[in-house]
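The values are calculated or read from the model by the stated rules, or taken from the named source; none is laboratory data. These figures come from a predicted structure and were not determined experimentally. Because the Cβ atoms are built from the backbone with ideal geometry, glycine has one as well, and the counts that use them run over all protein chains shown.
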Amino acid sequence: MRRYLVVANQTVVSRELRAHIAGRLRGEDCRFHVIVPATPVPQNGIWTHGRACADARERLDEALKHLADLGADASGEVGDASPLAAIADSLRNGPYDAIILATLPPGRSAWLRQDLPSRVARRFALPVEHVVARSG
């Protein structure tokens, strides 16, 4: 059974990510663990750590419901605000075969401005499947 680590924030419930996971489910026996980093999304120029965690939990719960509807064996957690730290934390708890990283499109994605897909691939030496979602 292949194990996928899914990392997404605003895009965790996107149509594109669900379609990507559905494709994996059609092609092989697999399991997913979803991490939603508690990355702050400023509203009105302010944010709090508590609000970032609560927002991430809401998105995670909705994503796990969608994955259950697809028939996916999925678990999840709210991770560190830094996606790299969140991935490192999760990798300590078990091996994965690949990382599925979902971002907003270029120009809107802070993760792409940080070159996160390449940084994740270099740091963790796992295949990275990058999914670009049109909206969060």
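At least 3 residues that are touching a Phe, Trp or Tyr at 6+ places or on another chain (Cβ under 8 Å) in each: list the helices (runs of 4 or more DSSP H) lying fully within region 57-136 that qualify.
Output list reads 83-91.
Would you confirm, using the coordinates I've provided, whether D73 is acidic (D, E), within 14 Å of the chain's Cα centre (by Cα) and surrounded by 14 or more Cβ atoms within 10 Å (Cβ to Cβ)?
no
Identify the single condition in (1) in a helix (DSSP H, G or I); (2) surrounded by 15 or more Cβ atoms within 10 Å (Cβ to Cβ); (3) among the hydrophobic types (A, V, I, L, M, F, W, C) that A54 does not satisfy, given that it satisfies every other one.
(2)
Is it fair to say V13 is modelled with pLDDT under 95, under 11 Å from the mean Cα position of the chain (by Cα) and of a type in the set (A, V, I, L, M, F, W, C)?
Here the answer is yes, as V13 does meet what is asked.
Residue under question is R134, and the condition is that it be at pLDDT 95 or above and of a type in the set (K, R); does it hold? Steps first, please.
Numbers: at pLDDT 95 or above: no; of a type in the set (K, R): yes.
No.
Of all residues in region 76-99, count the ones that are buried (at least 16 other Cβ atoms within 10 Å of the Cβ) and more than 24 Å from P40 (Cα to Cα).
Adding up the residues that qualify gives 2.
Counting only residues that are in a loop (DSSP other than H, G, I, E, B) and touching a residue at least 60 places away in the same chain (Cβ under 8 Å), which one in region 1-12 is nearest to L91 (Cα to Cα)?
A8
Hey, could you check region 25-36 for residues that are of a type outside the set (A, V, I, L, M, F, W, C) and modelled with pLDDT of 95 or more and say which is surrounded by the fewest Cβ atoms within 10 Å (Cβ to Cβ)? Let's see the steps before the verdict.
Here is the first cut: in region 25-36, the residues of a type outside the set (A, V, I, L, M, F, W, C) are 26-29, 31, 33.
Keeping just the survivors that are modelled with pLDDT of 95 or more gives 31, 33.
On the way: R31: 14, H33: 18.
Out of the qualifying residues, it is R31.
Is it true that P95 is out of contact with any Gly (no Cβ under 8 Å at 6 or more places or on another chain), at pLDDT below 95 and closer than 25 Å to G27 by Cα?
Working: out of contact with any Gly (no Cβ under 8 Å at 6 or more places or on another chain): yes; at pLDDT below 95: yes; closer than 25 Å to G27 by Cα: yes.
Answer is yes for this residue.
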